[in-house]
Amino acid sequence: MKFEEMHPMAPLATQLQDPYGGSVVLINKFTVALEDRDALVAAWADDAAYFKRQPGFISAQLHRGIGESPVFLNYAVWESVEAFRTAFGRPEFRSRLAQYPDSVVASPHLFEKLAVPGICVA
């Protein structure tokens, strides 16, 4: 699996050092060769089971682009940057990355939930 930053001005490594104290949402966009879609889902499910056992994990949901789209989107909620950083940095997780097909390109990025009056709550 290859990694590409969602935006070069805010790489994940920098975000992982941010002292932000609230809950965070991990958005991870995956692109994959069409023939590797099932393998990506299997590897993601194994990772999700690992993360589900980690302190600070709240929830995760995988989305797949419709039709012949090669794009998947993971939306995962964590209690804090620190909780995600700890789980993401463990050797047990890092070794799982080898399960993903070589055609996978992942673009993980952390977000905070915003309140927009009359539309959504934080």
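Numbers for the structure displayed
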read-out: Test: residue in segment 100-121 that is under 19 Å from Met1 (Cβ atoms), over 13 Å from the mean Cα position of the chain (by Cα) and among the basic types (Lys, Arg); value: no
read-out: Failed item in (1) of a type in the set (S, T, N, Q); (2) farther than 19 Å from Glu112 by Cα; (3) free of Cβ contacts under 8 Å to residues at least 12 places away in the same chain, with Gln54 passing the rest; value: (3)
read-out: Filter result (surrounded by 13 or more Cβ atoms within 10 Å (Cβ to Cβ) and under 21 Å from Leu97 (Cβ atoms)) within segment 1-24; value: Met1, Phe3, Glu5, Met6, Pro11, Leu12, Gln15, Leu16, Val24
read-out: Residue match in segment 26-40 (condition: under 14 Å from Leu110 (Cβ atoms), in contact (Cβ under 8 Å) with a residue 40 or more places away in the chain and among the aromatic types (Phe, Trp, Tyr)); value: no
read-out: Single residue of segment 53-95 satisfying the filter (farther than 22 Å from Gln15 by Cβ and charged (D, E, K, R)) that is surrounded by the most Cβ atoms within 10 Å (Cβ to Cβ); value: Arg64
read-out: Residue count for segment 90-122, restricted to those that are without any contact (Cβ under 8 Å) to a residue 40 or more places away in the chain and under 24 Å from Pro55 (Cβ atoms); value: 5
read-out: Hey, Ala43 in contact with an Asp or Glu (Cβ under 9 Å, 6 or more places away or on another chain) and either β-branched (Val, Ile, Thr) or surrounded by 17 or more Cβ atoms within 10 Å (Cβ to Cβ) (or both) or not; value: no
read-out: Check on Asp47, within 16 Å of Ala106 (Cα to Cα) and either in contact with a helix residue (DSSP H, G or I) (Cβ under 7 Å, 6 or more places away or on another chain) or free of Cβ contacts under 8 Å to residues at least 12 places away in the same chain (or both); value: yes
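Readers should treat all values here as calculations from the given coordinates under stated rules, not as data from a laboratory. All figures in this text were calculated on a predicted structure; none of them were measured in a lab. Neighbour counts are summed over all protein chains in view; Cβ atoms, including those assigned to glycine, are modelled from backbone coordinates with ideal geometry.
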